[in-house]
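Below: one structure, written as structure tokens.
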Amino acid sequence: MLIKKIAIKQYAGRQASPTKQVNVHAGDLIEEIKHAHQVFQVALQDNDKNYLRALHIAAKIANPGCSAELLRHKFEKRAKHFRQGSEIDVTRISPRLYPVQGLLMEDLFSITRGCWSMPFNKGFGRRLRFIVMDEYHEAVMGIIGLQSPPADLVSRDRLFNYPKGEKLTLVNNTLDAYTVGAIPPYSFLLGGKLCAGLLSADTIRRYYWRKYIGKKTWIAGEKIIHPLVAITTTSAFGRSSIYNRLNYKGRLLAEPIGYTAGYGMIHLEHLYPTLLEIVKKNGKYVPAGYGNGPKVRWQNVTNALLSLGISQSYFNHGLKREVFLFRLVDDLENGMNGGAFGAPISLEEKDISSYWKDRWAEPRAKRFESWNTVNSVDLIRAKLNEF
């Protein structure tokens, strides 16, 4: 609970609770925005990742669609699917990807995602979710969440020369990974590397093909005729230890392609309820839902800043997240430039899983013999109690 208290105390300003509306006049609200921006800059200079995690947690608390109480109830109900390190035989770990289908998988995914400090929402467009299970120990190892890619991503877009008017169609042959990672005790064995490596597995390509081929995209209304050709993702805090030097037998899986520009509203999330009231009163409110364009929260905050006469430069928080590209087909550039995509780059999940065990998990267990002494179940329970 300490991080939660820090989040409320240091950057929720006058807000007694992150779920309550900040009741201030326009002048005071402007000062709140400036103060939040300034404090964030100091945290970046100090490389204070605890502060950044606390900000994320505060944003999760303020999200009405995220019920901590419900997640805790689900966890107690499904606790048998989460293991202590003392119960795990590293040599017998047997990872397998399961698509999220049915109530059990829905619960396991939401519980595991609740352990992340990063806020999240359901969004729109194509979405694929997977549980990484250890079949031998019948336990959750981690999760993978994929969604429709951003229309504009500078690090990605500068790699290609899209034909005029075809950018969105070509980009829609890719997905973006919005959540990837492992939970204890597997995270102590660098299980995050496994989950990230599985982004390149044939299982995900094949599942995407079965689910989406021939169907129309929501925004462009065009049929999907190509297989999944690439996946992009970004780190949570600057450089990433999970994706860094992620390879399979010499093949680089996660290709670093640059950094985001450092724009967003994570430092303003605790003020969002008040900013929302401003745009509702002046008729500039944009409701969530299909047909209202992307980034509805961004649009509402932009309209609020304009109403307050504040520069949109306060979106520039400066946290540049590293961007990675997973190539799933040969000749990716040729295809994204309007030509033909090459053949799929095959990688069976059993092969990347076996490689992860030999390359990362077993050596890690030998170097850090105390990895299995932590009460992993209580640690997960504590994470769900943070918000």
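Annotations for the structure displayed:
- Ranking Pro344, Tyr285, His267 by Cα position along the charge dipole of segment 256-352, where only Lys, Arg, Asp and Glu carry charges on their C-beta atoms, puts Tyr285 farthest toward the positive end.
- Prolate/oblate/rounded call for segment 70-195, Cα gyration tensor, a/c under 1.5 rounded: prolate
- Ranked Trp360, Trp209, criterion: other C-beta atoms within 10 Å, fewest first: Trp209, Trp360
- Backbone amide hydrogens, once placed in the peptide plane, bring Leu325 within less than 5 Å of Glu255, Ile257, excluding anything fewer than 5 places away on its chain.
- Dipole size of segment 98-177 about its Cα centre, with +1 on Lys/Arg Cβ and -1 on Asp/Glu Cβ: approximately 480 debye, rounded to the nearest 20.
- Candidate cross-link partners of Lys167 among the aspartates and glutamates, defined by an alpha-carbon separation under 14 Å and a same-chain spacing of 8 or more, comprise Asp152, Asp157, Glu222, Glu333.
- Tensor-based shape of segment 229-385 (alpha-carbon gyration tensor, a/c under 1.5 rounded, otherwise prolate or oblate): oblate
- Ranked Thr233, Thr179, criterion: other C-beta atoms within 10 Å, fewest first: Thr179, Thr233
- Count, lysine Cα pairs under 26 Å in segment 246-340, 8 or more residues apart or across chains: 4
- For segment 72-114: rounded, prolate or oblate by the Cα gyration tensor [a/c cutoff 1.5]: oblate
- In this structure the amide hydrogen of Ala236, modeled in the peptide plane, comes within under 5 Å of no amide hydrogen from residues 5 or more places off or on another chain.
- Set Lys74/Lys383; Lys80/Lys383; Lys77/Lys357 screened for pairs whose C-alpha atoms are more than 20 Å apart: Lys77/Lys357
- Karplus 3J(HN,Hα) series, Hz, for segment 163-175 with 6.51 cos²θ - 1.76 cosθ + 1.60 (x for Gly, Pro): x, 4, x, 10, 4, 4, 4, 6, 4, 6, 8, 10, 10
Each value in this text was obtained by applying a stated rule to the coordinates, not by laboratory testing. Every value quoted in this text rests on a predicted model; they were computed, and no experiment measured them. Glycine gets a Cβ as well: all are built from the backbone with ideal geometry, and neighbour counts include every protein chain shown.
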